[in-house]
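*Asks:* Just dropping this structure here.
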Amino acid sequence: MQVQVFRTSDEVAAAVADAIEQVLASTPAAVLALATGRTPLAAYAELARRRREGRLDASQAAIVGIDEFAGVPAGDPGSFAAYLEQHVIGPIGFDPRRVERLDGAARNLDAECARYDRALEARGGVHLILLGIGANGHIGFNEPGESLVAATHVVELHASTRQDNASPFGGDVNAVPTRALSIGMQAILGARCVLLVATGADKAATIERALNGPLTTRVPASWLQTHRDVRIYLDREAASLLRGEAVRAG
Ligand code: PGA
């Protein structure tokens, strides 16, 4: 694992943008799986700025979604599809024809999950996945529990996850769906390169458990320790509970 700690969240965003820019430069048709939380927003804004300056060309790359709320259609402002439209596809200049979305409004969600795994396979898998981390240790919407699931699947969201996702639903936790679709651990651990970004003190305990703790389904992010090319981007607050020797600038 390569763990990099930065003084500010802006420096984190610039470093994440650098990593994505490098992949797009070396592999213009890369398949990118991009997180749809609050943490990566600054990195997306930085990538959009670089695109406006003519430094970045994402037009050949593909984007695949990581998760989606069940029962929420792509046009709904609370959907992750809407997030990708607003913050990623247009601003960074991805080709809307090269976007694979999980359809939260599909009638048969299990069939939609199976379709999605076939679509990922047909695209040759994921080059780079950018993940946030839930305060409870989830990655994508792979929630902590007795077991984890390899394939794309339907998830029962934890109460804390619904609380953390209330803002696009008008701040009303009761409006946040109880279920979601999420890619599974296979697609995450099968990505050629994994970036995980976390900022702020409220992620510090989870980061410490994910990076230094045992592999456990109680902390899904701990399984990233098994990946060959995982890069962790933290600000000082998120890194504040890591032992010194665990932190090395990369
Ligand atoms: P956040 O979400 O970036 O909004 O904190 C992280 C996650 O739930 O994966």
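The values are calculated or read from the model by the stated rules, or taken from the named source; none is laboratory data. As the structure is a computational prediction, the values presented were derived from the model and not from experiment. Virtual Cβ from ideal backbone geometry, glycine too; neighbours counted across all protein chains shown.
*Asks:* Please go through the range 79-102 and give me each residue that is outside any helix (DSSP H, G or I) and either in contact with a Pro (Cβ under 8 Å, 6 or more places away or on another chain) or of a type in the set (A, V, I, L, M, F, W, C) (or both), ordered by number.
*Replies:* Ser79, Phe94, Val99, Leu102
*Asks:* Among the residues of the range 66-78, which ones are assigned to a loop (DSSP other than H, G, I, E, B) and in contact (Cβ under 8 Å) with a residue 40 or more places away in the chain?
*Replies:* Result: Ile66, Ala70, Gly71, Val72, Pro77, Gly78.
*Asks:* If a residue must be within 15 Å of Leu131 (Cα to Cα) and among the β-branched types (Val, Ile, Thr), how many such residues does the range 1-43 contain?
*Replies:* Within the range 1-43, residues that are within 15 Å of Leu131 (Cα to Cα) and among the β-branched types (Val, Ile, Thr) number 7.
*Asks:* On to the next question. Please enumerate the residues belonging to the range 157-175 that are in contact (Cβ under 8 Å) with a residue 12 or more places away in the chain and more than 15 Å from the ligand (Cβ to nearest atom).
*Replies:* The one that is in contact (Cβ under 8 Å) with a residue 12 or more places away in the chain and more than 15 Å from the ligand (Cβ to nearest atom): Ala175.
*Asks:* Collect the residues in the range 144-163 that are under 20 Å from Ala238 (Cβ atoms) and either in a loop (DSSP other than H, G, I, E, B) or modelled with pLDDT under 95 (or both), keeping them in residue-number order.
*Replies:* If the condition is that a residue be under 20 Å from Ala238 (Cβ atoms) and either in a loop (DSSP other than H, G, I, E, B) or modelled with pLDDT under 95 (or both), then Pro144 is the only one that fits.
*Asks:* Continuing with the same structure: Tally up the residues in the range 8-49 that are among the basic types (Lys, Arg) and either at pLDDT below 95 or buried (at least 21 other Cβ atoms within 10 Å of the Cβ) (or both), please.
*Replies:* Counting residues in the range 8-49 that are among the basic types (Lys, Arg) and either at pLDDT below 95 or buried (at least 21 other Cβ atoms within 10 Å of the Cβ) (or both) gives 0.
*Asks:* Could you grab me the full set of residues in the range 119-143 that are in a loop (DSSP other than H, G, I, E, B) and either under 29 Å from Ser26 (Cα atoms) or charged (D, E, K, R) (or both)? First the steps, then the outcome.
*Replies:* Step one: of the range 119-143, the residues in a loop (DSSP other than H, G, I, E, B) are 123-127, 132-138, 140-141, 143.
Selection gives Arg123, Gly124, Gly125, Val126, His127, Gly132, Ile133, Gly140, Glu143.
*Asks:* Would you confirm, using the coordinates I've provided, whether Pro168 is in contact with a Lys or Arg (Cβ under 9 Å, 6 or more places away or on another chain) and either outside any helix (DSSP H, G or I) or surrounded by fewer than 20 Cβ atoms within 10 Å (Cβ to Cβ) (or both)?
*Replies:* Here the answer is no, as Pro168 does not meet what is asked.
*Asks:* Follow-up. I'd like the residue in the range 194-220 that is within 13 Å of the ligand (Cβ to nearest atom) and in a loop (DSSP other than H, G, I, E, B) and, out of all such residues, is nearest to the chain's Cα centre (by Cα).
*Replies:* Here the answer is Thr199.
*Asks:* What's the number of the condition Val23 fails, among (1) touching a strand residue (DSSP E or B) at 6+ places or on another chain (Cβ under 6 Å); (2) part of a loop (DSSP other than H, G, I, E, B); (3) in contact (Cβ under 8 Å) with a residue 40 or more places away in the chain?
*Replies:* (2) is the only condition that Val23 fails.
*Asks:* Out of the residues in the range 121-142 that are surrounded by fewer than 22 Cβ atoms within 10 Å (Cβ to Cβ) and more than 10 Å from the ligand (Cβ to nearest atom), which is farthest from Glu208 (Cα to Cα)?
*Replies:* Checked the range 121-142; the qualifying residue farthest from Glu208 (Cα to Cα) is Ala122.
For every residue, the table says whether it meets (1) among the acidic types (Asp, Glu); (2) more than 16 Å from the chain's Cα centre (by Cα); (3) modelled with pLDDT of 95 or more.
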position	(1), (2), (3)
Pro91	no, yes, yes
Asp110	yes, yes, yes
Glu121	yes, yes, yes
Gly132	no, no, yes
Asn142	no, no, yes
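*Asks:* Report yes if some residue within the range 104-112 is crowded, with 16+ Cβ neighbours inside 10 Å and free of Cβ contacts under 8 Å to residues at least 40 places away in the same chain; otherwise report no.
*Replies:* To start, the set of residues in the range 104-112 that are crowded, with 16+ Cβ neighbours inside 10 Å comprises 104-106, 109, 112.
If we keep only those that are free of Cβ contacts under 8 Å to residues at least 40 places away in the same chain too, we end up with 105-106.
Checked the range 104-112: at least one residue is crowded, with 16+ Cβ neighbours inside 10 Å and free of Cβ contacts under 8 Å to residues at least 40 places away in the same chain.
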